[in-house]
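Worksheet for the structure shown next.
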């Protein structure tokens, strides 16, 4: 009997060994060492703390953080998900090149997933060594630079996920990836064109990038496409009718672009299409019947267009969409029969250029002479750019306080309605003003982080107001505060006023509720080489232009104007799309410390007590910000600012080569020289020692616009990263 039981046990053990799944076999010592190297290069993250020499890597318990699959003594799947936030990167010792060199030694790897591990740096070209890879997911890290062209050689790749990084530049041609089914490159800075894709693609997610083209007509061939999300880009042109009736389409998100024109009434929809979002575009006319309203099986979102037959009241006037559509109309390509005319123009241009060069030589001596004279007199002037300090002879000015109300509404679009909060709501939001929620103390009071009942994160600024002001005066101030809503300001969402009527000598308290920004400041981006590399010249000019628009709003669109706004890179916050917002600007409430009400001075000059000209102080501070964007250096003292300004003045006079050498090396090859030169001239003039000679913000914007137009023309000619 005992012998029979023994035989049964041996038979069971033998069958167990024979039928042991290959996917959980042991790995070679070499690959085990590679895993320990990966653990070390990732700086021993918490999710890998349990790895030791005794760990059976092919027998790890099921986990959402770590997954390893083995086959034939080799690792075929490696998935590691960390808990680092986007701002928590690995140390400066980390190298993507070394890290991926180590990983490529896992020669049988078919699936690689590295999520939220704090990886930073460019994606190396040697990624093509993963010759058998089918799944690649490196999302939610700090990978920057271009996507390497070599990625298009991974012939077996089925899923590519590089979302939530800092990638920029053109997306490589991916048509050679014939097995690619899922592509997710969302939340980067990629563009301006769509990538070429295989007709087998099933899901394409490119949301929140920098795409600036039309939706390609070749998408009609994507018969297996089920999901298309290209929201939050800058797509232009009409929506092609076929997009709603693609053979397999189920999810379509085209929201937050510049798509324009009218949809054809004959548009048909695939019966499996369950979600459509075309909101926040420039569409006019009527919606086709198949997406006119929500049904049991289909959700349709069409808000904030100029459509006439929707059930929603949230549509813009038809004239708005037509005007904006003209502004974003893509440039027409030259027709074939125009090529001969273009060639003739080139010849004439060469002849004209020779004439110009000869003439320039004759004028050169006069230009140098005039510049020398200007230096002797202590003023800086440039032939192509002069700010005239005499307003009687300057460029015409416009009182922006009388701009149409529609313009102001555009500036505040997307913000929730202004609210009057209660003290209970303020205490609830800040957990009774718990000290752990105190994030700072500005010149006007303490600042707390808080959470409203809808879940949104806010900042609550606590201002002590002198009791001598009447209720009517405080209401006037509150009315003005309610107007501090602009796309380039950290906007005021509401306020709460608490007066202590039982104690007339006590000061009132005003709680100002503002937006909370999580992407860090401009200072953070300039001080971190990895983040600064993302800020090429076009991005830096866009940031500077947006800051200037925010200043213009404070200076010219409010009555009274608000000057003395503590402008510096620390107080310029960036959102997900690197759009800047000014924070810590003046809040027009009289503080307990004794500042008078700005309502008593229609020019707002009393907003900065320690300055004779607070308006021009803002201009000077803007010049410092622009100087730092040009050089990529943080300037921490007036001496550093003065030295840098003088150096750039000299470079402007000496030669273009000298000016190019003075700029941030990370932007070389990305700027048109005339655009750079104009920006430097703006900065130098803003930094004039004589405040009366500094330009107004309207003058600054005028010349900033010129600089950006020059840059856009240069970029559209195919010069980006190819010329200096």
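At negative phi and crowded, with 20+ Cβ neighbours inside 10 Å: is that true of residue 244 in this structure? So residue 244 fits the description; yes. Residues that are farther than 23 Å from residue 194 by Cα, out of contact with any helix residue (DSSP H, G or I) (no Cβ under 8 Å at 6 or more places or on another chain) and surrounded by fewer than 16 Cβ atoms within 10 Å (Cβ to Cβ) within segment 266-300 comprise 271, 272, 274, 286, 289, 292, 293, 294, 295, 296, 297, 299, listed in sequence order.
For the structure I just gave you, tell me whether residue 79 is more than 25 Å from residue 533 (Cβ to Cβ), under 31 Å from the mean Cα position of the chain (by Cα) and either modelled with pLDDT of 90 or more or assigned to a helix (DSSP H, G or I) (or both). Lay out the reasoning, then the answer.
Working: more than 25 Å from residue 533 (Cβ to Cβ): yes; under 31 Å from the mean Cα position of the chain (by Cα): yes; either modelled with pLDDT of 90 or more or assigned to a helix (DSSP H, G or I) (or both): yes.
It is true that residue 79 is more than 25 Å from residue 533 (Cβ to Cβ), under 31 Å from the mean Cα position of the chain (by Cα) and either modelled with pLDDT of 90 or more or assigned to a helix (DSSP H, G or I) (or both).
Consider residue 175 carefully, then state whether it is over 25 Å from the mean Cα position of the chain (by Cα), surrounded by fewer than 22 Cβ atoms within 10 Å (Cβ to Cβ) and either outside the structural domain of residue 250 (by TED's automatic domain parsing) or part of a loop (DSSP other than H, G, I, E, B) (or both). Taking the combined requirement at face value, the residue satisfies it.
Being within 21 Å of the chain's Cα centre (by Cα) and assigned to a loop (DSSP other than H, G, I, E, B) is true for just one of 211, 197. Which residue is that? Explain how you work it out, then say what you get.
Values: 197 fails: within 21 Å of the chain's Cα centre (by Cα).
Criteria check complete, one pass: 211.
Taken over segment 64-90, the residue count meeting the criterion of being exposed (fewer than 14 other Cβ atoms within 10 Å of the Cβ) and either over 13 Å from residue 109 (Cα atoms) or touching a strand residue (DSSP E or B) at 6+ places or on another chain (Cβ under 6 Å) (or both) is 5.
Scanning segment 40-63 for residues being without any contact (Cβ under 8 Å) to a residue 24 or more places away in the chain, within 27 Å of residue 142 (Cα to Cα) and surrounded by fewer than 17 Cβ atoms within 10 Å (Cβ to Cβ) gives a total of 5. The number of residues in segment 117-161 that are closer than 14 Å to residue 178 by Cα, crowded, with 19+ Cβ neighbours inside 10 Å and out of contact with any strand residue (DSSP E or B) (no Cβ under 7 Å at 6 or more places or on another chain) comes to 3. Taken as a whole, the structure leaves residue 644 outside the set of residues that are in a helix (DSSP H, G or I) and in contact (Cβ under 8 Å) with a residue 24 or more places away in the chain.
The values are calculated or read from the model by the stated rules, or taken from the named source; none is laboratory data. From a predicted model like this one, the values you see are computed outputs, not experimental measurements. No Cβ is skipped: glycine too gets one built from the backbone with ideal geometry, and neighbour counts run over all protein chains shown.
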